[in-house]
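Student: One structure is given below, represented as structure tokens, and several questions about it will come after.
The values are calculated or read from the model by the stated rules, or taken from the named source; none is laboratory data. Here the structure is a predicted model, which is why all the values come from computation and not from measurement. Reconstructed Cβ throughout: ideal geometry from the backbone, glycine too, with neighbour counts over all protein chains shown. Areas reflect the complete protein model, heavy atoms only, side chains present, ligands, DNA and RNA absent. Shrake-Rupley method; radii C 1.70, N 1.55, O 1.52, S 1.80 Å.
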Amino acid sequence: MERTNETSIIIGVLGVVVTLMGLFPGIIGLDAAPGIGVLQVVVILAGFSLLFLGAYVFVYQAFYRGAKRTLAQDVGIRLTLTGLVIAAAAGLADVLGFGSHPPTPSTRPLLGELQAMLFVGGFLVASAGVVIYALFGPPATPDDTSGDDTLPLDQSG
């Protein structure tokens, strides 16, 4: 018996744990500096990526195993990847050179207000992609091919 559903849930839970470690580094004993730094952004991105991967594997294995993907599901996958790219670009904007707090020798890059909004917005877009993938899959094929949708009556009486 395959355990892909359990594995995907474990991947998703690992993503949540990694995300929480990025958001709140004090829970694992690290000293938190003021603001959100680059390492925290990278850890949060990695956590959400694991979470979305676990969600996609679970939805595929639980509902659409062996079925061909629909166009809407392809759009959902691309929307998730686009949301992750938006979040990565917004979160790492200072390091990439187009943010509002460029790193200098005396200061470290921080996540600004607009960057934080785009960071969260990217994750919302990525989440919408997972929902689209789950809802717009191929239609279910009936197990009974006789064409009769009624239940048989009890003939014992």
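Student: Within the set of pairs 6 or more residues apart or between chains, which connect a residue that is without any contact (Cβ under 8 Å) to a residue 40 or more places away in the chain inside segment 1-28 to a residue that is exposed (fewer than 13 other Cβ atoms within 10 Å of the Cβ) and part of a helix (DSSP H, G or I) with Cβ atoms less than 7 Å apart?
Tutor: Short answer, once both residue conditions are applied: L20/I27; M21/I27; M21/I28.
Student: Counting only residues that are of a type in the set (S, T, N, Q) and open to solvent by less than 40 Å² (accessible area, probe 1.4 Å), how many does segment 77-104 have?
Tutor: Total meeting the criteria: 1.
Student: Out of (1) out of contact with any helix residue (DSSP H, G or I) (no Cβ under 8 Å at 6 or more places or on another chain); (2) under 23 Å from V131 (Cα atoms), what's the single condition that is false for T82?
Tutor: Just one mismatch for T82, condition (1).
Student: Right, something else. Restricting to segment 1-12, name every residue that is open to solvent by 80 Å² or more (accessible area, probe 1.4 Å) and assigned to a helix (DSSP H, G or I).
Tutor: Across segment 1-12, the qualifying residues are E6, I9, I10.
Student: Right, another one. Determine whether D74 is surrounded by fewer than 18 Cβ atoms within 10 Å (Cβ to Cβ) and touching a Pro at 6+ places or on another chain (Cβ under 8 Å).
Tutor: no
Student: Please find, within segment 45-74, the residue that is farthest from S100 (Cα to Cα) out of those that are in contact (Cβ under 8 Å) with a residue 60 or more places away in the chain, of a type outside the set (F, W, Y) and in a helix (DSSP H, G or I).
Tutor: Result: V59.
Student: From the list A116, A128, exactly one residue is over 28 Å from A33 (Cβ atoms), aliphatic (A, V, I, L, M) and assigned to a helix (DSSP H, G or I). Which is it?
Tutor: Going through A116, A128 in turn, the sole match is A128.
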